[in-house]
Structure formats: structure tokens, C-alpha cells
């Protein structure tokens, strides 16, 4: 008897299976997944091949999977807010691959190259019916406990949340539609307009996709702040007009530095992408009257903020939770050349061993070698 794992309701459970003789083996190929067992413990393990796809379901062979900051946080902390890893979970949610099987009535075909939107809603609640499906309380989202993720050889997924890739869009670019969706949704939610000035606080991967999206939407000036000289250099190299190192600054000092850099003027829109109280304070204070501050970063859940300023200057503060209806736009922006996401992929790793897995997550965690986005290329 040998020990394997079985997927039950999105969780991995240990089971005992009989060792098969070679002539009795199933025709199904092996399905190897990156399984987060507990904090700081993660291994490649074989899991069951997905069950036969039903109506509106497809099986996708993964080709490229990116590492997100949330994946790293689950690895290092075992939780994000109320989402706690209580049992082994397959990690990963930024993904693209090739369809190998389809269920009845699905228009996609085996061989189609697709990117996978990692979350799918119940489709029947009031939020879904109103079109705000990202707020669905029954959302099923890759690698959000207890749901397994997509850093595995094969995944079954709803067909209507798989989007066909044009021939000129690679699997890696398809996987980048996930972080890019945050930028597209944030710019839409804040009604970003051409020939305006924006401030982005935090020049990590999300800050950079916000910048690239805002440029595609016609923004004329981008100011970015961070405490990392390397990240600011990366932002400058990829199109930021002004970069400001805010190391050691409080909210008032950041406000002064931003307004000085902008000729004494406030900005039209602020995207807070680092989750720091000082940045949020500065975002409110540097935003023009009637402008918008978009809260993207996840940091301290309780902050002391200048709410009086928000009120008397009619500064709108808007939160975003993931995204909705963004994938078709992301594909068009990438395919047309309006947005280049390839220069965000700094590290590519062929995922064959546990060492490959941990190396990739370590690079993403530490930013070693000025890393921005680490991409796993899945073995054939």
C-alpha cells in the first residue's frame, strides 16, 4: 500500500491506494501538483487526475503559472486574513494552458490555448445577477483555502471562465492576464481619463500593471513611490515619469515630496498599492478635490486617516476586490501591443523538482536579483 492524496471538495485528503501492476495502470497521465502542506512546507506531489468534465467544464493542461504575492504569503504565514490554510492545498492561480478534454456542449476544443480566470461565482446570488460577480459570497477561487489552485499538471475548470488566446499571445502572457486584471479593474473603477496625472504608491508587480494599464488608458504623467531603490529603478525603466524614494517618511513628508515633484499640484487619481498607513494618508492629501483614491494594497486593517480632508474636499475612496469582466480586455490589450507584460517576467523556472519549486517561491519572496514576476513553465 502506498500513500497518495485525493481531492475532496477542494481539499487534499490522504488515502491509501493499492500499488498497481504496470499492465493494470490507468491511461490517465500523472498529475503532479505543488502542495502547500503547512506554513513553510511545500512539495511536488502526485494527485488524482481530474474527473470527466461535465457540461460547461474543461480539463486544461497547465503550461505557465506565475507566483503571486498571495501565494508567497500563504506559504510563509499560512493565512491571509480570514482565509486560513487548515489542510494541504494546491497553490497557484495565475495560469494559462491547453485544453485536453471538454464536457458536453462546450464550444472550446481540445488543443485550444486558454488563460484561466481563477475565480468563478455561484451565478445565482444578487451580486451575480447584478453583474458584480467578484463580490459573490460563494466565489470559488484558485488557491484560496480550502480551494485548490492551478500549480499542477491538469486542472478542471468552468469553460466560461477560460478565454482563448490569440496566436500572438504566449502562455506566459496569458498567465499575466491575472495580475493585469487588477490594473484594468482599478483603472475602470476610478474612471481614469486621458491626459491626467496619477500617483501609484508601491512599485511592485501590481503597481507596475496599474501603471501600464493607466498608460494604455491615456494617462500623461505617472508618479510612483516606494522604499526600494531597485523597484523604483524598475518602474522608471518601464515608463514612470517620476519616482520618489519614501524611506523613513511619514504621510506628511510623502505628501510634500509628491506635490513638490508635481510642481506644487495635487494629482487626479491615487492608487495605493502597498497597504501602508503613511501611504494612505499621503494618498488622501495629495489627491485633488473631487479626485479618487483607490485602495488596492492589503496592510494594516485599521488605520488613522484624515477623514475630514476626505469629506471637505470630496475625495472619493474606492476599494477593489480582485476584478470582474476584465480578461477579454486584458487579452486585447496584450495582443494589440497596447500593453507589454513580457518585461515584467524577470525569472522563468522549469518546474521539475521540489528545489525548483522552493527556488521560485524564494525568489518571489526576497526579490532576489531584482525579481518582479517569477513564472513557472510546466514540464511537458
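Nothing in this text is a laboratory measurement; each read-out follows from the coordinates by a stated rule. Just so we're clear, the structure is a prediction, and the values are computed from it rather than from any experiment. Neighbour counts are summed over all protein chains in view; Cβ atoms, including those assigned to glycine, are modelled from backbone coordinates with ideal geometry.
Below, the figures for the structure above:
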| quantity | calculated |
| --- | --- |
| GNM top mover of 238, 129, 266 - the chain, alpha-carbon springs below 10 Å | 129 |
| Label-to-label distance, nm, for residues given as residue 130 and residue 370 (7 Å Cα→Cβ offset) | 4.6 |
| Relative contact order of the chain, pairs being alpha-carbon contacts under 8 Å that are 6 or more residues apart, as % | 15 |
| Residue 193 paired with residue 309, simple spin-label distance in nm, labels 7 Å along Cα-to-beta-carbon | 2.2 |
| Rounded to 5, percent antiparallel among DSSP beta bridges of the chain | 60 |
| Stretchable slack from residue 28 to residue 355, in nm (0.36 nm times residue separation minus alpha-carbon distance) | 115.1 nm |
| Residue exposure sequence - 255, 225, 213, 76 - by fewest surrounding Cβ within 10 Å | 76, 255, 213, 225 |
| Between segment 159-217 and segment 107-132, the alpha-carbon center distance in angstrom | 19 |
| Length added when fully stretched, residue 123-residue 76, from 0.36 nm per residue minus Cα-Cα | 13.6 nm |
| With Cα atoms, 0 to 90° folded angle of helix 205-216 axis to the chain main axis | 70 |
| Calculated FRET efficiency for the pair residue 321/residue 253, C-beta based, R₀ 35 Å, to 0.05 | 0.70 |
| Listed residues 95, 150, 228, most fluctuating in the chain (Gaussian network, C-alpha, under 10 Å) | 228 |
| In nm, spacing of pseudo-spin labels at residue 41 and residue 160 (7 Å Cα→C-beta vector) | 4.1 |
| Over segment 180-319, relative contact order from alpha-carbon pairs under 8 Å, at least 6 apart, % | 22 |
| Extension gain, residue 220 back to residue 362 (0.36 nm per residue minus Cα-Cα distance, nm) | 47.5 nm |
